[in-house]
Amino acid sequence: MTQYNYKARDKEGNQTEGLMEASGRDQVVELLRKYELMPTFIGEKTEKGKIFDIASFRKIALKTKVVFSRQLATMIDSGLSIVQSLKILSEQERKKNKRFSEIIDAIAAEIEGGTSFSVALKKHPKVFSPIYISLVESGEVSGKLDEVLDRLATQLEKDYDLKKKVKGAMMYPTFIIVAMVVAAGIVVTFVIPQLKSLFEESNAELPFITQVLLKISDFMVKFWWVVILGVIGLIIGVRYFLKSTFGRKFWDRFKLRLPIVGTFVKNIYMVRFTRTLSTLISSGLPILDSLKIVSDTVGNVLYKDEIESISRKVESGVALATPLEESKLFPTMVSHMVEVGEKTGNIDKMLGRMANFFDNEVNNTVSALSTLLEPIILLVIAIGVGVFVGAVLLPIYQLASAM
């Protein structure tokens, strides 16, 4: 028998919680119903002695939500009820991802209690985004929940692929930079101090770069704790700055103005904007609601403010293409394609085509950056190694020549 924590509501809507021993979650649900209680959460009790369950803090991976949405769509399309489908998926996730399994159980319990699927999802905002909930709600209204879930899975899958491309482009240079910093720290902290006495005994005039390295080495050996505290303070300070309104705007503006990288970042924002808006409109959401959701998913404060401004203009009766054309953040191509889509009534298809175009641009930029970064990184490594070797070996060579 396993102990389960539960939360439930009575007929009046009052919430109660407690601990129950049962053979499984289904038995907990059955026992609660006997007491005329509707469960809203059921989870296994953490082992005694644990302060917290690490799994409860683990984020639900995007790939996990892709598979969940796709399988749920297939089950509903095959004739299974949404509650049956959720229970099957919960059982499937139990061994792989306990936290997600408990979330699915809680959603299924809410639906059994008479709550709609979209409302049940709203109780888990850290797992299901506003776009996810809005699309599910549109699927419930239109009676095409399976189609909307399948479209959602496709959207999430493409978001996942986009994130992988960006991470892939940044991983190699990040690894090299970290490796160089670590190597430099080891040399300055451990290698240079070993040679210091040799240099001092020679009384020879040392090269400037060697003198600089000796001073850095002395500081690192004597005040290593200051360096560590400084690095920690810098990281905390940067994080705090980027979370502030001014800091976030400054960073988002700075990214857009960087050469090469700025174009790459803009194309990523265009992929998110066009693809998300296409998915929302094709699922039956009104244009104003779609723009509100899109403003939160682009990932840049400047674009968020601009899209909200565009939304207000559209609400006043202006066609979407007009404010897009006036905006400096959107390429001319976007406004022209949207204008064609509005005239033909196929705005979602036009946005989808633009998403594919910008996605290809991102792919091309990733390939170009990878090709361009390799020789630059090799050059930086060569310069770094040359500086350290010169600073260490040059004075030793001078000493050997003088003997």
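The values are calculated or read from the model by the stated rules, or taken from the named source; none is laboratory data. What you are looking at is a predicted structure, and each value in this text was computed from that prediction instead of being measured. Cβ sites come from the backbone with ideal geometry, for glycine too, and all protein chains shown count toward neighbours.
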Task: Check on Pro395, in a helix (DSSP H, G or I) and exposed (fewer than 15 other Cβ atoms within 10 Å of the Cβ) - done: no
Open item on the list: I'd like to check something: does the stretch 253-272 contain any residue that is aromatic (Phe, Trp, Tyr), over 26 Å from Thr154 (Cα atoms) and modelled with pLDDT of 90 or more?
Closed with: yes
- [ ] Please specify each residue of the stretch 133-144 satisfying the condition of being touching a residue at least 60 places away in the same chain (Cβ under 8 Å) and closer than 19 Å to Thr64 by Cα.
- [x] Leu135
Open item on the list: Condition (residue is at pLDDT 90 or above, under 25 Å from Pro259 (Cα atoms), of a type outside the set (S, T, N, Q) and in contact with a Lys or Arg (Cβ under 9 Å, 6 or more places away or on another chain)) applied to the stretch 332-352: is it met by at least one residue?
Closed with: no
Open item on the list: Please go through the stretch 236-249 and give me each residue that is hydrophobic (A, V, I, L, M, F, W, C) and over 20 Å from the mean Cα position of the chain (by Cα), ordered by number.
Closed with: Phe246
TODO: For the stretch 164-173, state whether one or more residues are over 17 Å from the mean Cα position of the chain (by Cα) and either crowded, with 16+ Cβ neighbours inside 10 Å or assigned to a helix (DSSP H, G or I) (or both).
DONE: yes
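Table: residues versus (1) modelled with pLDDT under 85; (2) surrounded by 15 or more Cβ atoms within 10 Å (Cβ to Cβ).
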{"residue": "Lys96", "(1), (2)": "yes, no"}
{"residue": "Phe100", "(1), (2)": "no, yes"}
{"residue": "Ile103", "(1), (2)": "no, yes"}
{"residue": "Leu121", "(1), (2)": "no, yes"}
{"residue": "Phe128", "(1), (2)": "no, yes"}
{"residue": "Ile133", "(1), (2)": "no, yes"}
{"residue": "Leu152", "(1), (2)": "yes, yes"}
{"residue": "Leu162", "(1), (2)": "yes, yes"}
Open item on the list: Given (1) part of a helix (DSSP H, G or I); (2) within 22 Å of Lys163 (Cβ to Cβ), identify the lone condition not met by Leu329.
Closed with: (1)
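Let me confirm something: among Ala73, Ala109, Ala120, which residue is among the small types (Gly, Ala, Ser) and touching a strand residue (DSSP E or B) at 6+ places or on another chain (Cβ under 7 Å)? Explain how you work it out, then say what you get.
Working: Ala73 fails: touching a strand residue (DSSP E or B) at 6+ places or on another chain (Cβ under 7 Å); Ala120 fails: touching a strand residue (DSSP E or B) at 6+ places or on another chain (Cβ under 7 Å).
Among Ala73, Ala109, Ala120, only Ala109 is among the small types (Gly, Ala, Ser) and touching a strand residue (DSSP E or B) at 6+ places or on another chain (Cβ under 7 Å).
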Task: Residues satisfying the stated conditions in the stretch 264-284, i.e. under 16 Å from Val366 (Cα atoms) and of a type in the set (A, V, I, L, M, F, W, C) - done: Phe264, Val265, Ile268, Met270, Val271
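Go over the candidates Val389, Val338, Val385, Val362 one by one and state the one that is buried (at least 16 other Cβ atoms within 10 Å of the Cβ) and without any contact (Cβ under 8 Å) to a residue 24 or more places away in the chain.
Working: Val389 fails: buried (at least 16 other Cβ atoms within 10 Å of the Cβ); Val385 fails: buried (at least 16 other Cβ atoms within 10 Å of the Cβ); Val362 fails: without any contact (Cβ under 8 Å) to a residue 24 or more places away in the chain.
It is Val338.
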- [ ] Would you list the helices (runs of 4 or more DSSP H) that sit entirely within the stretch 243-316 and hold 2 or more residues that are within 22 Å of Ile133 (Cα to Cα)?
- [x] 261-282, 287-297, 301-315
- [ ] Taking Ser311 as the residue in question, decide whether it is assigned by TED's automatic domain parsing to the domain that holds Leu285, small (Gly, Ala, Ser), surrounded by 14 or more Cβ atoms within 10 Å (Cβ to Cβ) and within 25 Å of Arg151 (Cβ to Cβ).
- [x] yes
Open item on the list: Here's a check for you: in the stretch 307-331, which residue that is of a type in the set (D, E, K, R) and more than 18 Å from Thr263 (Cα to Cα) is nearest to the chain's Cα centre (by Cα)?
Closed with: Glu308
